[in-house]
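To keep things clear, I will list the structure first and then write my remarks on it.
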Amino acid sequence: MRYVDVILPLPLDGTFTYSVPEGMEEKVVAGMRVLVPLGKSKKYIAMVADVHSEKPDFNCKPIEGVLDSYPSLLPQQYRLWQWISDYYMSPLGDVYNAAMPAGMKSTEKFKPKMELYVELASSYRNEQALHVALNMVQRALKQSKTLTTFLALSHWDSLEGDTPREGIKKVTKEELMNEARCTAAVVKALIDRGILFTYELEVGRLNTAGESHLDQIKPLSMPQQDAYNQILMQMLKKNVVLLHGVTSSGKTEIYIHLVRKAIEEHRQVLYLLPEIALTVQIMERLHKVFGDRLGIYHSKYSDAERVEIWQKQLSGHPYDVILGARSAVFLPFQKLGLVIIDEEHETSFKQQDPAPRYHARSAAIVLANMYPEAKVLLGTATPSMESYYNARQGKYGLVELKTRYKDIQLPEIQVVDVKDLRHRKMMTGVYSPVLLAAVKEALKNGEQAILFQNRRGFAPMIECKVCGWVPKCKNCDVSLTLHKSINLLTCHYCGYTYPVPTECPNCGSTELMGRGIGTERIEDQISEIFPEARIARMDLDTTRTRNAYERLISDFSSGKTNLLIGTQMISKGLDFDKVSVVGILNADSMLNYPDFRAYEHAFMMMAQVSGRAGRKGKRGLVILQTKNPTLPIISQVVHNDYDSLFKGILEERRMFHYPPFFHLINVFLKHKHEKICQQASLELGKTLRGWFGERVLGPDKPAVARVKTMNIRKIVIKLENGIDQKKVREYLKYAQQIMAKDPRYGALQIYYDVDPM
Ligand SMILES: Nc1ncnc2c1ncn2[C@@H]1O[C@H](COP(=O)(O)OP(=O)(O)OP(=O)(O)O)[C@@H](O)[C@H]1O
Ligand SMILES: [Zn+2]
């Protein structure tokens, strides 16, 4: 009799054994998906980890079918799953869930993807009729806005008589709703009126368009060529090399040359980016040269698209280059040769929730190690402390590129003392005269400006002017953010929305005021100050879909918009030619986070967003507004003095036992009832302190101690380098088992965040 050990797509640790009925024995090998029963009536698609003939000492059920004719999972991928599960202390089932597109785990067969398009009814396809239509909806503001947006997108607004001046473009319903910021109901109203109609088309999902044009790769400049050669030399000795190159030094061009080399050697490349916003631009740059050898993979792609890419990577003609965000590390690679991790310092490479809470940079390095001679290149203008330390210690190779392409100078950074100006009543709201003058000048000269504020929404909270009451989320311990465009208060932790109160429930006053400033409010104010500006805003609220990203970026690239307001999303990697001014509205908000990485992050964000200025031609200007102009970090940003930042922070880290000298593991406890959560955390803390002594801190209430009605407590464990981490994890699991057996803690959840960011 044959047996299989399988992974279930459930948050369960380890594998489960099933028997293989006669007739299926020949068909099943490790890496294939099988249909298995669980409990009385449930069925799941499980992943075969192992096939063997060891009879288990319990009565096991037979598998009900083999779904694959060849493995869906390669041995390297499975080893990566195991590593992630062990290192990040996440159940193997959670890794399976995160790694494979849902379509491969669902018992439903996946359908071809249809996309819904919107089109103008034929009776309105002439100028006069269109005016009639516009008049019809004139009073229905939302419909009117949606219709004009549709006409602009589709180019039907270019009608002269009954011939369009511009080519008519297909517009998807999703695209329209996105752009017009309207609901499906508004589109339906236009359809009901007979102005628009919809139709379906099947969409080709994969990138099959375009030959590759390797000849179009730009030749490297001397300093770039030098860095390229050094990278290759370092890779002879080291598996990982860090490229520390200032913003706009042309790191991307160097990557492109490395990708070409890998392709010529018939090896595959994984190119990881931290942010989907970035993939849009880099995708265009890579697509130009690599054509249909390039595949894109990230969470804004539909599940069906991801299934197709996965299957293609297993086939005889996989993509040579995969460009993707974090989750692309899970794709199957048959002959991986190079991993590029761009903007390696970015914390969004670490998955926060749900499990597995893995760092894609670490996972990618582990992955590369499983392929003979595969190398990893980390690239950034502002290395993470961990990577830079590893490079300095000789664990990684290090290559520095200190000049911008064409020797353009790094932008001039002017520090503005907001406190002083406010004293002298010279501020217009949160804008200094210097900033406004610089933006005005840029716009006048046909250049562009970027304003950076790391808060989204209209106001981070509202407050009663009389009694100080602040509306809070009923599920979470946080104040609510005001979003004006939808006129709702929202919780950024659980997503719950609330109507905006008209009066204070505490004292009855009607004077409720927004406190603090988010990107939405800045957009409002700036459009009043600069009515001539063509403003775009990029933050989580305006980029819910893939199309939205593409449009925002292409509009700013083409100059259709000329003033971009955004959160950290706009701070890195984006490459625009005509940005001459960058405004950092409030440097202090970044420094006040209660986190040991606050300074490092603030520096990176400021250096990165500054780097968007003056990338082509003339030197850029950055206006940095702060209440604390004398802080050392401000001068480090001004002089782009990464070394002094690094030295300062490293000393602190050594002194206070933080990475890279210590590893951190956060242990979280979650329970509905605060008392039980508190008691359990005290007990667990005591147990752990008994074993690990001073290495255990807490339990503490985290900054947000209640999320989605669950109370949270946190214990921090600091482990010095060199300690046997495997043993530590075993002890932690053991402590967890003890708690699990305690009847008082039935519904208690314990989970871990290893190397928290
Ligand atoms: N060798 C080259 N030939 C032609 N153009 C180049 C070359 N190197 C860089 N450029 C151009 O200079 C600009 C900046 O280069 P790139 O975006 O690669 O910089 P980067 O180092 O990746 O910057 P960041 O760290 O800000 O992301 C781009 O528009 C790029 O096309
Ligand atoms: Zn909430």
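Return yes or no: is LYS113 surrounded by 14 or more Cβ atoms within 10 Å (Cβ to Cβ), among the charged types (D, E, K, R), out of contact with any Gly (no Cβ under 8 Å at 6 or more places or on another chain) and modelled with pLDDT under 85?
Yes: the conditions hold for LYS113.
Kindly establish whether GLN409 is out of contact with any Cys (no Cβ under 9 Å at 6 or more places or on another chain) and within 16 Å of ligand 1 (Cβ to nearest atom).
Yes: the conditions hold for GLN409.
Which condition breaks for ARG285 when tested against (1) closer than 20 Å to ALA368 by Cα; (2) within 16 Å of ligand 1 (Cβ to nearest atom)?
Tallying (1) closer than 20 Å to ALA368 by Cα; (2) within 16 Å of ligand 1 (Cβ to nearest atom), ARG285 fails exactly one: (1).
Looking at GLY495 and the list (1) crowded, with 22+ Cβ neighbours inside 10 Å; (2) assigned to a loop (DSSP other than H, G, I, E, B); (3) without any contact (Cβ under 8 Å) to a residue 40 or more places away in the chain, which single condition is not satisfied?
That leaves (1) as the condition not met.
If you take the residues in region 552-580 that are part of a helix (DSSP H, G or I) and more than 18 Å from the chain's Cα centre (by Cα), which one is farthest from ligand 1 (Cβ to nearest atom)?
Out of the qualifying residues, it is ASP555.
List every residue pair whose Cβ atoms lie under 8 Å apart, where the two residues are 6 or more positions apart in sequence or sit on different chains, the first residue falls within region 702-717 and is in contact (Cβ under 8 Å) with a residue 60 or more places away in the chain and in the same structural domain as PRO594 (by TED's automatic domain parsing), and the second residue, located anywhere, is near ligand 2 (Cβ under 9 Å from one of its atoms) and in a loop (DSSP other than H, G, I, E, B).
none
Which number in (1) under 30 Å from LYS261 (Cα atoms); (2) assigned to a helix (DSSP H, G or I) marks the one condition that THR382 misses?
(2)
Just to check your reading of the model, which residue among ILE522, ILE526, ILE486, ILE517 is surrounded by fewer than 18 Cβ atoms within 10 Å (Cβ to Cβ) and either over 20 Å from LEU540 (Cα atoms) or more than 15 Å from ligand 2 (Cβ to nearest atom) (or both)?
ILE486
Tell me which residues, restricted to region 150-185, are touching a residue at least 40 places away in the same chain (Cβ under 8 Å) and part of a helix (DSSP H, G or I).
PHE150, LYS173, GLU174, GLU175, LEU176, ASN178, GLU179
Inspect all residues belonging to region 523-536 and state whether any of them is assigned to a helix (DSSP H, G or I), under 25 Å from MET427 (Cα atoms), in contact with a His (Cβ under 7 Å, 6 or more places away or on another chain) and not polar (S, T, N, Q).
no
Can you tell me which condition GLY468 does not meet? The list is (1) within 16 Å of ligand 1 (Cβ to nearest atom); (2) at pLDDT below 90; (3) not hydrophobic (A, V, I, L, M, F, W, C), and all the others hold.
Against the list (1) within 16 Å of ligand 1 (Cβ to nearest atom); (2) at pLDDT below 90; (3) not hydrophobic (A, V, I, L, M, F, W, C), GLY468 comes up short only on (1).
Being under 30 Å from HIS345 (Cβ atoms), touching a helix residue (DSSP H, G or I) at 6+ places or on another chain (Cβ under 7 Å) and at pLDDT 95 or above narrows it down to one residue among ILE553, ILE565; which is it?
ILE565
Could you list, in sequence order, all residues of region 1-39 that are in a loop (DSSP other than H, G, I, E, B) and under 34 Å from the mean Cα position of the chain (by Cα)?
LEU8, PRO9, LEU10, PRO11, LEU12, ASP13, GLY14, THR15, ALA30, GLY31, MET32, listed by residue number.
Rundown of residues vs (1) buried (at least 21 other Cβ atoms within 10 Å of the Cβ); (2) at pLDDT 90 or above; (3) assigned by TED's automatic domain parsing to the domain that holds LEU645, yes/no style:
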| position | (1), (2), (3) |
| --- | --- |
| GLU532 | no, yes, yes |
| SER558 | no, yes, yes |
| ASP575 | no, no, yes |
| LYS578 | no, yes, yes |
| VAL581 | yes, yes, yes |
| MET604 | yes, yes, yes |
| LYS618 | no, no, yes |
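Counting only residues that are of a type in the set (Val, Ile, Thr) and within 24 Å of LYS578 (Cβ to Cβ), which one in region 429-462 is surrounded by the fewest Cβ atoms within 10 Å (Cβ to Cβ)?
Looking at residues that are of a type in the set (Val, Ile, Thr) and within 24 Å of LYS578 (Cβ to Cβ), I get VAL434.
Looking at ILE665, ILE649 in this structure, which one is touching a helix residue (DSSP H, G or I) at 6+ places or on another chain (Cβ under 9 Å) and modelled with pLDDT under 95?
After ruling out the rest, the residue left standing is ILE649.
Out of (1) within 16 Å of ligand 2 (Cβ to nearest atom); (2) part of a strand (DSSP E or B), what's the single condition that is false for ASP477?
(2)
Among the residues of region 369-404, how many are over 28 Å from PRO659 (Cβ atoms), surrounded by fewer than 20 Cβ atoms within 10 Å (Cβ to Cβ) and either in contact (Cβ under 8 Å) with a residue 40 or more places away in the chain or within 12 Å of ligand 1 (Cβ to nearest atom) (or both)?
1
Suppose the filter is outside the structural domain of VAL118 (by TED's automatic domain parsing), at pLDDT below 95 and more than 16 Å from ligand 1 (Cβ to nearest atom); does ASN178 pass it?
In short, no.
Going through CYS494, CYS507 one at a time, which residue ends up being within 16 Å of ligand 2 (Cβ to nearest atom) and not assigned by TED's automatic domain parsing to the domain that holds ALA705?
Of the residues listed, the single one that is within 16 Å of ligand 2 (Cβ to nearest atom) and not assigned by TED's automatic domain parsing to the domain that holds ALA705 is CYS494.
Just to verify a result, which residue in region 405-428, among those that are assigned to a loop (DSSP other than H, G, I, E, B) and out of contact with any Lys or Arg (no Cβ under 9 Å at 6 or more places or on another chain), is surrounded by the most Cβ atoms within 10 Å (Cβ to Cβ)?
MET427
Before we move on, is LEU286 closer than 16 Å to VAL339 by Cβ and not in a helix (DSSP H, G or I)?
No, not satisfied.
If you take the residues of region 447-473 that are touching a residue at least 60 places away in the same chain (Cβ under 8 Å) and assigned to a loop (DSSP other than H, G, I, E, B), which of them is nearest to ligand 2 (Cβ to nearest atom)?
This residue is GLY457.
Where the second residue is within 8 Å of ligand 1 (Cβ to nearest atom) and the first is in a helix (DSSP H, G or I) and lies in region 249-260, which pairs have Cβ atoms under 6 Å and are six or more apart or on separate chains?
LYS251/GLY245; LYS251/GLY379; GLU253/LYS218; ILE254/GLN224
The values are calculated or read from the model by the stated rules, or taken from the named source; none is laboratory data. Just so it is clear, the structure is predicted and the values come from calculations on it, not from any experiment. Here the Cβ is made from the backbone with ideal geometry for all residues, glycine too, and neighbour counts use every protein chain on show.
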